């Protein structure tokens with residue numbers, strides 16, 4: 001079913017442009033990469049921060065982990081995305097995926113918070129290498145008219161795979177006798193999934209699209225020439241800043257009030273709701289205004305820090321955190337489609353990777369600043385107010401900032417393509 005839908009999108013592309021059609025084999029490879037790659041990245045991103053709490057990292061160290069992770073993963077995408085426009089997508093996807101597998105497999109040997117910062121930074125370089133190349137590859141293989149539908153399918157496959165992987169690693173973690181061993185098992189499992197993704201990516205074939213004749217390390221020309229893309233970068237970065245304020249704080253709550261297996265269930269609720277959302281919106285996704293996908297997907301994210309604040313003070317159970325995670329799944333399902341589709345709508349045929357990377361460059365800078373500021377301030381106020389009073393106060397403030405920031409997307413204009 002997935003391949004049939006995917007091929008139908010490519011048939012539309014073949015009718016509308018000179019881009020090549022894609023056979024069934026290529027469709028299967030794309031969906032397998034989405035399945036294993038999304039599951040491995042989701043597990044790594046979710047549990048690396050909680051692993052940092054378990055090895056007793058400070059809030060400042062965790063803020064460096066989250067801020068550097070996002071700065072590197074997003075900022076480097078501009079150069080790597082442009083490089084993929086020149087060299088082709090496959091090479092960057094393969095090298096990046098195997099690099100993620102290797103570095104993540106080594107991280108459980110780290111017991112120091114600041115060494116973990118170095119490990120996560122190295123891991124993030126490889127994430128930045130593969131991510132814009134894969135996004136641009138999807139843009140190569142379909143038309144602007146049907147890109148949202150393709151992204152919905154890719155995200156749906158990834159969400160289903162993430163759900164299965166979360167439930168599996170949650171049960172697998174019980175083999176560990178200590179919390180440290182349990183989180184280590186989870187990270188090893190994610191590294192294995194990355195390795196499988198790398199093997200699958202070897203079967204990719206670069207589409208015969210127009211390539212850049214020259215490659216510059218960094219170009220801001222799209223921001224100068226495309227006013228709507230520039231507007232999107234500004235509002236997306238503001239939203240990213242507000243989102244990142246919570247990232248150094250959230251792991252303390254989730255690690256304190258839920259076991260590794262319960263955290264797997266919490267994030268499973270995220271995947272379940274994402275899957276349901278992606279299925280329900282299928283008939284209308286290509287007709288939906290991108291800015292409403294972005295706004296709705298982000299305005300509801302104010303509830304996540306609010307939910308964790310309530311958990312901190314009053315409802316200290318894993319199932320209450322699962323409610324917030326489920327709502328997050330709904331919001332992220334809409335936002336991920338809207339974000340990628342809006343970028344590709346604005347991009348030129350030759351520079352899909354460039355536009356993707358440039359957006360994530362500024363998003364990376366914004367999230368770096370937000371995460372770092374939050375973690376440093378938390379370590380300043382914890383000795384004054386106490387750990388949980390500080391965490392609770394920060395969560396309430398972050399909820400308000402997220403809510404206000406989301407309204408920036410309403411100032412975007414509909415895509416013209």
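For this structure, a couple of remarks:
- Scattering profile of region 66-193 at q = 0.21, 0.22 Å⁻¹ [log10 I(q)/I(0), Debye over alpha-carbon scatterers]: -1.26, -1.30
- Semi-axis lengths (Å, descending) of the ellipsoid that matches the C-alpha gyration tensor of region 24-80: 30, 16, 4
- Crossing angle, helix 89-106 versus the chain [Cα axis fit, 0-90 degrees, rounded to tens]: 20
- Mean Cβ count within 10 Å, highest first, over the residues of peptides 86-93, 222-229: 86-93, 222-229
- Förster-model FRET efficiency, 35 Å R0, residue 389 and residue 227, C-beta, rounded to 0.05: 0.20
- Residue-span extension gain [residue 317 to residue 284] - 0.36 nm each, minus C-alpha spacing: 8.2 nm
- Per-peptide average of other Cβ atoms within 10 Å, ordering 311-320, 327-336 highest first: 327-336, 311-320
- Region 196-324: C-alpha gyration tensor shape, a/c 1.5 cut-off, then a/b vs b/c: prolate
- Rounded to 10°, Cα long-axis angle of helix 303-313 versus longest principal axis of the chain: 10
- Taking 0.36 nm per residue of sequence separation and removing the Cα-Cα distance, the residue 188/residue 164 pair yields an extension gain of 7.0 nm.
- In terms of its alpha-carbon gyration tensor, region 258-396 comes out oblate; a/c meets the 1.5 threshold, while b/c is at least as large as a/b.
- Debye intensity ratio in log₁₀ form over the Cα atoms of the chain, taken at each q of 0.11, 0.12 Å⁻¹: -0.77, -0.94
- Theoretical gain in end-to-end length, residue 234 to residue 404 [0.36 nm per residue, Cα-Cα removed]: 59.7 nm
- Volume of the convex hull of region 336-417 (Cα atoms only), normalised per residue: 101 Å³.
- Helix-only CD estimate at 222 nm, as mean residue ellipticity for the chain, using -39500 (n - 2.57) per DSSP H run (n ≥ 4): -26500 deg cm²/dmol
- Per-pair calculated FRET efficiency, R0 = 45 Å: residue 349 and residue 109 via Cβ, rounded to 0.05: 0.50
- For the chain, the longest principal axis of the alpha carbon atoms and the long axis of helix 147-172 meet at an angle near 30°.
- Across the chain, the relative contact order, built from alpha-carbon pairs under 8 Å that are at least six residues apart, equals 28 percent.
- For region 107-182, the gyration tensor built on C-alpha atoms gives an oblate shape. Its axis ratio a/c (a ≥ b ≥ c) is at least 1.5, and a/b is not larger than b/c.
Taken together, the values in this text are just the output of simple stated rules run on the coordinates, not laboratory data. Since the structure is predicted, the reported quantities are computational estimates derived from the model, not experimental observations. Note: ideal-geometry Cβ built from the backbone for every residue, glycine included; neighbour counts use all protein chains shown.
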